1. Alpha carbon centre of the stretch B:11-67 versus the stretch A:52-130: separation in Å?
2. So what J values fall out for the stretch A:330-342 if you push phi through Karplus, 6.51 cos²θ - 1.76 cosθ + 1.60 with θ = phi - 60°, rounded to Hz, Gly and Pro as x?
3. Beyond 29 Å between alpha-carbons counts as too far, so tell me which of A:LYS149/B:LYS29; A:LYS14/A:LYS38; A:LYS299/B:LYS40; A:LYS66/B:LYS149 fall in that bin.
4. Run through the stretch B:120-164 and list the trypsin sites (Lys or Arg not before Pro) located in a DSSP loop whose Cβ has at most 12 other Cβ atoms within 10 Å.
5. If you average the sequence gap of Cα pairs under 8 Å that are 6 or more apart and divide by the length of chain A, what percent do you get for the contact order?
6. Per-residue HN-Hα couplings for the stretch A:27-37, Karplus 6.51 cos²θ - 1.76 cosθ + 1.60 at θ = phi - 60°, whole Hz, x for Gly and Pro?
7. Within 14 Å, Cβ to Cβ, of A:ALA52, how many net charges do the neighbouring residues add up to if Lys/Arg are +1 and Asp/Glu are -1?
8. Neighbouring Cβ atoms within 10 Å as the yardstick, rank B:VAL11, A:VAL131 fewest first.
Amino acid sequence: MFFTAIDYWIFLEKAILILAVVSISLVIAMYATWAERKVAAVMQDRRGPNRAGPFGLFQPLADGVKLFMKEEIIPNVSAKFLFVMAPALAMITALMTSAVIPWGSSVHLFGRDISLQIADINIGILYIFGVISLGVYGIMIGGWASNNKFSLLAAIRGASQMISYELAMGLSLIAVLMMTGSLRLSVIVAQQSEGFFNWNIIYQPLGFLIFFICALAECNRTPFDLPEAENELNFGYHQEYSSMKLGFYLFAEYINMFISGVVMATLFFGGYDIPFVNEAAWGNHWWVALLGCGMLMTKALFFVFLFMWIRWTIPRFRYDQLMNVGWKKLIPLALINMVITAAVMLFFSK
Amino acid sequence: MQALTNRLKLVNRKPMTFVEKLYLWNILKGMAITFRHIFKRKATINYPEQKRTFSPVFRGLQVLNRDEEGKERCTACGLCAVACPAEAITMEAAERSSNETHLYREEKFAARFEINMLRCIFCGLCEEACPKNAIYLSQTFAPSNYSRKGFIYKKDDLLIPHPKENPDAYAKALGERKKITN
């Protein structure tokens, strides 16, 4: 019988894992808002939030409560169903990417090998790209449904920006895929985990640079934050939103940041691999997996910090500059990188 | 053409070099600057806990002064009200009765003395006009209030604490103005 052959524990295992990953992403996104303000403050010789709790650590909670308490306004002229759906869509797509990330090596608990990856699918990278391209719908539908010209302009900007930069992002990854020969994220991490010199960043620095710039654009972060350019578009696509719907948009941005940090760490920086040590020799203990997971988090959070650091350093690109960089610089560069990688690989017939 | 000032600055219109065109190097330089600022001293003063010291000539809220025995100095002559460019001061004079000698310094006193803090521009001309050193501007800010009425300060709000009954508060209110006598 088919149904008796199913290992039912796997449902519980995956459910717990999904719950853990989602709640960790949410908590990290919450504290990313705090960190953003702290980083902004210290870079401008200020103190930042320091009133709510020690070091202002309860500030995100206070903000959350504030957003929940705010009056919820749905404009009369908006397309109501889409207006409500859009922030949820932004949130869902932001969270969905985490499903294929290998958060750590497998853990041996309760007599079972539990993989710290929700879904080890063989097209992991394609899945990530698919979900990321869905992310633009949150912005587009939100901007369109608001029935506001600024929101609509922002939505158009966001859509064209995301489409332009997705291309270069995909092309920069092809070089990595040629080296690893697999779209499965667990395989890509496993190939890098033998040591620091197996990390993809060593072989693909240009590829990483292109990927990183595109990740900034995909997350709508400065210098590519044109969809929400405060001084031009009054806040862009979420201008008409209030209360927790606005909160969802803001939250989704930080989750996107965190997830793209995780993706970059996974693809280029060895995922849960701890540099300079051979953790595989320590055995299959639960704490080794936990340590690896912590390492991945550290790498990802460093990227989050880098995103913030860049945001508080450089101004925004002009729209034509954005398009120029995307189409005329990054895409040719990614193609050249791809060709060179292919040629080198062919030369060494790896 | 002769330049009017010596602050003339030629604009650099050289075409960008290759490194500059790459942007990345300059962005890295900018990031180094922001990173250095993380460790710089913060300019913020934690306001309610720490307060910035004002200059000794700072003009804050008005205070109606008393002499050393706690008698009110004001004689309701109205010179301050005349001097006030914002017309913020109103007062009503009254005659001192024989059993009020411990309260007022001279025969005439201000029965009602009001300053509209919404009109006051804190110029200090009232202090300069006063022949009796009865009014001076302290170092306190005008505190906030919920209504316009609350900004019309009565005598109770303006009078300095009694030097005998409440010496600590008196000394605190007097602050830097100890030199004033008579």
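1. What the calculation gives is 36 Å, centre to centre.
2. Couplings: 5, 5, x, 4, 5, 5, 4, 4, 5, 5, 4, 4, 4 Hz.
3. Working: A:LYS149/B:LYS29 38 Å; A:LYS14/A:LYS38 35 Å; A:LYS299/B:LYS40 26 Å; A:LYS66/B:LYS149 32 Å.
With Cα atoms farther than 29 Å apart: A:LYS149/B:LYS29; A:LYS14/A:LYS38; A:LYS66/B:LYS149.
4. Numbers: sites: B:LYS132, B:ARG148, B:LYS149, B:LYS154, B:LYS155, B:LYS164; in loops: B:LYS132, B:ARG148, B:LYS154, B:LYS164.
Taking the stretch B:120-164 and a limit of 12 other Cβ atoms within 10 Å, the loop trypsin sites (Lys or Arg not before Pro) found are B:ARG148, B:LYS154, B:LYS164.
5. On the way: 513 pairs, mean separation 80.6, N = 350.
Contact order relative to length: 23 percent.
6. So the J values, rounded to whole Hz, are 5, 5, 4, 4, 7, 5, 5, 5, 5, 4, 5.
7. Working: positive: A:ARG37, A:LYS38, A:ARG47, A:ARG51, A:LYS66; negative: A:ASP63.
So the environment of A:ALA52 carries a net charge of +4.
8. Working: B:VAL11 4, A:VAL131 19.
Ascending Cβ contact count within 10 Å gives the list B:VAL11, A:VAL131.
None of the figures in this text is laboratory data; all of them are computed from the coordinates on show. From a predicted model like this one, the values you see are computed outputs, not experimental measurements. We place every Cβ from the backbone using ideal geometry, glycine too, and count neighbours over all the protein chains shown.
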